[in-house]
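One structure is given here, and the rest of the page talks about it.
The values are calculated or read from the model by the stated rules, or taken from the named source; none is laboratory data. On a predicted model such as this, the values are computed, not experimentally measured, just so you know. With ideal geometry, Cβ positions are generated from the backbone for all residues, glycine too; neighbour counts draw on all protein chains shown.
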Amino acid sequence: MAQPGEFAATLKQQADIVRIVGEYVQLRQRGGQNMIGLCPFHKEKTGSFSVHQANQFFHCFGCGVSGDVYTFLQKIENITFPEAVRMVADKLGVPMPKVPYASPEEARQARMRGTLLDIHERACAFFQERLKRPEGAHAREYLKNRGLTSAIIAEFRIGFAPERGFILRDALASQFEEDVLRESGLLSWKEKEEASGIRHQASEQLPVVSGQLPVASRQSPEQLPVASGQWPEEVSTRGAPPPDNRPLTTAYSKFRNRVIFPICNEQGKVIAFTGRTLASDEKSGPKYLNSAETAIYSKSRVLFNLDKAKEAIRQLGYSILVEGQMDCISVYAAGFKNVTASSGTAFTEPQARLLSRFGKNIVVNFDPDTAGAAAAERSLGLLVSEDFEIKVLTLDAGFDPDLYIRRKGVNAYGDALGHSQKYFDYLIERARALHPPRTPENKQKALNYLLPHIQRVPSRIVRDEWANEISHRLGIDSKVLRQELRHAATSRSAARVNTPPAAQLTEAERLLIRALASPDLGHSSTSAREGQDLDFDPARQAHFFLTQERLHEGSTAQALLDTLLTAHEQGLDPMSLPLDDNDRRLVASVLLESNEDLTPELLENAVRSLRKRAILRQLDELQHQIKEAERRNDAATSARLLQERVRLRRVMTTA
Ligand SMILES: [Zn+2]
């Protein structure tokens, strides 16, 4: 047999890098053998990501990444070299020789990921088969009432988890090793309360639970990647429970008496499930239950239905984003196949990045009720920051996409889609509805509502256009207001126009204040239900990040956040602190205005956004210094600064 290196080299010659990269990035001919597109590894608006057909390599002139087809796959799929080789071999239909891994641990992890896919495939088939049995009658009834045809049920591989949890366990135990079962996230153990109590104690030293997530973490808990700016929580808090040493006979299926929706990765392989309960009593747990995170499943990085939607998104040139899986399936079933949904989590930045690989045009169709509006606004904010061209589809009050299609039909939905509004128009309309701009005060309020949205837009030119449009449409003739609007739009960080204190904060700062000031609601094992993050303590985690990285340095809320940090350390009640009136009002308003649960994702997004702001501040400063150096004709300094800028931009892409 050939050496593995030789095999990889031979395979590379046969592989067409343009075709493989083209599955992830829209490429266009640049001339000759050179293709160009938007870099999937950093944020950009004009393509600086080149792929060379004959030389079989890629290079990004923006962030500096480059390599061959394997490097590309390793980076974009987050896999090892041997896995990348296997992937290319699979694509070409070439049989694989055995490839050694860099270390036994790496080999174990790769094997485990493969086996976890197998066990999910097996579980999926199990659930599908159970749906067809007599015991699945009420599940079938439920699906029928939701208007799902058998073709769609088959296409989405929807299934049913029987009430008796040992059936799945036994079915899996007959085919898989015990460690795989334990790491699959598909099983729960009896006497859960007791166990999580123990875990809690053991984890007191670390802000994240050190209960080792088996395979997902590449680092041991001692080397949590805090300094490198990664989110340690990703490595373990939300992960599968630590390998449980209670006997397998006390384990049972996490999903019981539920309709099962498989969640697939981009390649269409099942990596997790969502279970919709069929019981109406409290005891049966949450309405929707998601798989625990595992080595193959990170919910903030997966978009539901992307595997089926991606081709349509490419062809149609835009995607539709909805909130839940049911909405997604309904829209897809109605023939709009370019639809995806975030599932089990608020829309996240990694998801926005993921989508952006397929183009930057998006129609967002969220539930317009008030609870949905806050989530919608945040998601839209993320998309704006990622430079999407956004349209908003607002359905009649009370209608989510699923209900709308069922009541009004496919054509009506198609019409509505065609009439979706540009995001900016939608915002102005909302501002006008909230504060009819008939009086100067209301104009100011409307403006204050709009400013944070404007400031999210990365492009200064676009911000400037928005500012013009706003003055025009709100009928702002005051010179002062116009000037402030313009200033806010151009600087991105300017003070708001005479706003109440809470509005001076960014959403991220607000969220961190909220996390730190939240009373400890005793996320104890007794109050936590299955499916919740047992060990997520917002205050502790916020404290951890702020003290580690000092991300709030220089923010308007720095003093307040520092006070809250100290209060947390001393176990003081935030509202009993000797704050000045302004700060107290601010804390109160932040706590009052928010009706959404704090989740690890929200906190993660907030920390990311603070990190980015910190880097942006540095970049601004650098820009200034570069100009200075250029003015002085100081080539050496200028070169050094330019290099520093490249480095910071690179940091920015991983922040
Ligand atoms: Zn790049």
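Tabulated data
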| item | result |
| --- | --- |
| Long-range neighbours under 6 Å by Cβ, at least six apart or interchain, first residue modelled with pLDDT of 85 or more within the range 2-29, second surrounded by 16 or more Cβ atoms within 10 Å (Cβ to Cβ) and among the basic types (Lys, Arg) | 24/357 |
| Selection status of residue 124, within 16 Å of the ligand (Cβ to nearest atom), among the hydrophobic types (A, V, I, L, M, F, W, C) and surrounded by 16 or more Cβ atoms within 10 Å (Cβ to Cβ) | no |
| Condition broken by residue 65, with the remaining ones in (1) touching a strand residue (DSSP E or B) at 6+ places or on another chain (Cβ under 9 Å); (2) more than 10 Å from the ligand (Cβ to nearest atom) satisfied | (2) |
| Qualifying residue in the range 292-314 (condition: touching a His at 6+ places or on another chain (Cβ under 8 Å), assigned to a loop (DSSP other than H, G, I, E, B) and buried (at least 23 other Cβ atoms within 10 Å of the Cβ)) | yes |
| Top-ranked residue in the range 361-379 [being at pLDDT 85 or above and out of contact with any Lys or Arg (no Cβ under 6 Å at 6 or more places or on another chain); ranked as farthest from residue 310 (Cα to Cα)] | 365 |
| Count of residues meeting criterion [in contact with a helix residue (DSSP H, G or I) (Cβ under 8 Å, 6 or more places away or on another chain), part of a helix (DSSP H, G or I) and either farther than 19 Å from residue 13 by Cβ or within 12 Å of the ligand (Cβ to nearest atom) (or both)] in the range 68-84 | 3 |
| Test: residue in the range 470-485 that is of a type in the set (S, T, N, Q), modelled with pLDDT of 80 or more and buried (at least 17 other Cβ atoms within 10 Å of the Cβ) | yes |
| Hey, residue 87 more than 16 Å from the ligand (Cβ to nearest atom), under 24 Å from residue 356 (Cα atoms), in contact (Cβ under 8 Å) with a residue 12 or more places away in the chain and of a type outside the set (Ser, Thr, Tyr) or not | yes |
| Condition met for residue 646 (within 16 Å of the ligand (Cβ to nearest atom) and among the β-branched types (Val, Ile, Thr)) | yes |
| Test: residue in the range 137-152 that is in contact (Cβ under 8 Å) with a residue 12 or more places away in the chain, touching a helix residue (DSSP H, G or I) at 6+ places or on another chain (Cβ under 6 Å) and among the β-branched types (Val, Ile, Thr) | yes |
| Subset of the range 451-468 that is of a type outside the set (S, T, N, Q) and not in a helix (DSSP H, G or I) - its residue that is modelled with the highest pLDDT | 457 |
| Check on residue 102, at negative phi, loosely packed, with under 15 Cβ neighbours inside 10 Å, small (Gly, Ala, Ser) and away from the ligand (no atom under 16 Å from the Cβ) | yes |
| Failed condition for residue 612, given (1) touching a residue at least 60 places away in the same chain (Cβ under 8 Å); (2) of a type in the set (Lys, Arg); (3) under 22 Å from residue 555 (Cβ atoms) | (1) |
| Looking only at the range 35-54, and only at residues there that are assigned to a loop (DSSP other than H, G, I, E, B), more than 10 Å from the ligand (Cβ to nearest atom) and without any contact (Cβ under 8 Å) to a residue 60 or more places away in the chain, the one that is nearest to residue 459 (Cα to Cα) | 46 |
| Any chance residue 24 is surrounded by 15 or more Cβ atoms within 10 Å (Cβ to Cβ), more than 10 Å from the ligand (Cβ to nearest atom) and in a loop (DSSP other than H, G, I, E, B) | yes |
| Candidate set from the range 546-599 (those that are assigned to a helix (DSSP H, G or I) and within 13 Å of residue 508 (Cα to Cα)); member that is modelled with the lowest pLDDT | 590 |
